1. Look at Phe81 and say whether it is surrounded by 22 or more Cβ atoms within 10 Å (Cβ to Cβ), of a type in the set (A, V, I, L, M, F, W, C) and in contact with a Gly (Cβ under 6 Å, 6 or more places away or on another chain).
2. Name every residue in the stretch 119-143 that is closer than 18 Å to Arg187 by Cβ and surrounded by fewer than 22 Cβ atoms within 10 Å (Cβ to Cβ), in order of residue number.
3. Considering Leu205, Leu163, which residue is part of a helix (DSSP H, G or I) and touching a helix residue (DSSP H, G or I) at 6+ places or on another chain (Cβ under 6 Å)?
4. For the structure I just gave you, tell me whether Met361 is under 16 Å from Pro268 (Cα atoms) and touching a Leu at 6+ places or on another chain (Cβ under 7 Å).
5. Scan the stretch 326-335 and give yes if some residue there is among the small types (Gly, Ala, Ser), surrounded by 15 or more Cβ atoms within 10 Å (Cβ to Cβ), touching a helix residue (DSSP H, G or I) at 6+ places or on another chain (Cβ under 7 Å) and in contact (Cβ under 8 Å) with a residue 40 or more places away in the chain, otherwise no.
Amino acid sequence: MKPHLARLALFLFLPFMALAAGPQPFGENVQFRGSLDNSRLQFERTKRGNVAFLGGSITEMNGYRPMVCEILQKRFPGTEFTFTSAGISSTCSTTGAFRLERDVLSHGPIDLLFVEFAVNDDQDAHHTKAECIRGLEGILRHAQQNNPNMDIVVTFFVNEFILSSFQQGKTPLTVETHEAVARYYSRSTINLAREVASQITAGSLTWKTFGGVHPAPAGNRICANMINDLFGRAWAVPLSAQASLSPAKLPASPLDAFSYSSGRFIDPMHAKVKSGWTLGVPEWKKLPGSSRATFAKLPMLSASEPGAEATLTFEGTAVGAFIVAGPDAGIVEASIDGGPFKPTDLLHAYSKGLHYPRTVMLGTELAPGAHTLTLRISSETHGTGHAMRIMQFVAN
């Protein structure tokens, strides 16, 4: 058998070997920080476990997530687990911060949370460093404020750009920033991206075998093995009889005072329509571009004619909208508290043939307190129409 195939075969069986063999040699690509004993206490002593996975399409697909679920069930065979899949294709850490309450915390108390957004923050959202911090810190800080006993693991998957960066000896922005946020909050990380780059450079793996941005089973297995390695490091020594839940220490101040740690959805039914907006399920069959089943039956606040206007009152320091943007996506003009209208282009690079989910921020770094957002559809557009379709308003 060729060396790289032998290594691949080993990876496919590694999770089960690891249960007896102990931690696996992924080195610094697995960073164990803080503790995972709170979740372990729940799994071992209460015989119940609540585990959630938050991310994009890599989390939504049947990839590393079900493999990790299987590993946990094998490690704790007498435990009844609840697994929450909160992956939504194309979504970035910004959207993740705003939907955390609805999609994860409402299923709580969560014992163990996995977070995955490095790829989508890069290729979908094209986030700056500040945007990466505000999204991921918003998730980690909000989660910890909600449940100080929650254990959290952040994973970094890989696309072609991230792979190339590591192979050139550079750490890509999203991975570097997410790592810094996780370190600040003493949360463990799984740097699958750097592990894959190292293996490909060494000739023991190919990008094709790994499976690309949405990994093949062999690629997802590498990530699952790395997480199992983390478990082995964290749980190498039996719990003492005196062990008890220990709340994680929350840093006194955030890295960014405007991180989305109070992120939440606001139902568009709370908006006040002045003209041109309607609330209901769009007639997708009459619209250009495909739509995903995830959103097909959702009522949305929609407008497609220039001049359509609506307002929303909210509390907080930021406001935006979780939308779907198709070929007919237009430009919206937003005013905060009667200030000047500022345009935001709703069209996305992936909107040409798809009604693409994305979060657009319409006001940030606001003074705490009550505000009024006014939306007005612009007469300008870079798409085939002037549409805006809002699934949820977001506020922090």
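1. No; evaluated as a whole, the condition is false for this residue.
2. Once the filter is applied, which keeps residues that are closer than 18 Å to Arg187 by Cβ and surrounded by fewer than 22 Cβ atoms within 10 Å (Cβ to Cβ), the stretch 119-143 yields nothing.
3. Leu163
4. For Met361, the condition - under 16 Å from Pro268 (Cα atoms) and touching a Leu at 6+ places or on another chain (Cβ under 7 Å) - is not met.
5. For the stretch 326-335, residues among the small types (Gly, Ala, Ser), surrounded by 15 or more Cβ atoms within 10 Å (Cβ to Cβ), touching a helix residue (DSSP H, G or I) at 6+ places or on another chain (Cβ under 7 Å) and in contact (Cβ under 8 Å) with a residue 40 or more places away in the chain: absent.
Rundown of residues vs (1) in contact (Cβ under 8 Å) with a residue 60 or more places away in the chain; (2) within 19 Å of Glu28 (Cβ to Cβ), yes/no style:
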| site | (1), (2) |
| --- | --- |
| Glu80 | no, no |
| Gly96 | no, no |
| Ala118 | yes, yes |
| Thr128 | no, no |
| Val153 | yes, yes |
| Ile162 | no, yes |
| Pro172 | no, yes |
| Thr177 | no, yes |
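Values in this text are rule-based calculations from the coordinates and carry no lab data. Note that the structure is a prediction, hence the values are computed from the model and not measured. A quick note on method: Cβ atoms are made from the backbone with ideal geometry, for glycine too, and the neighbour counts reach across all protein chains shown.
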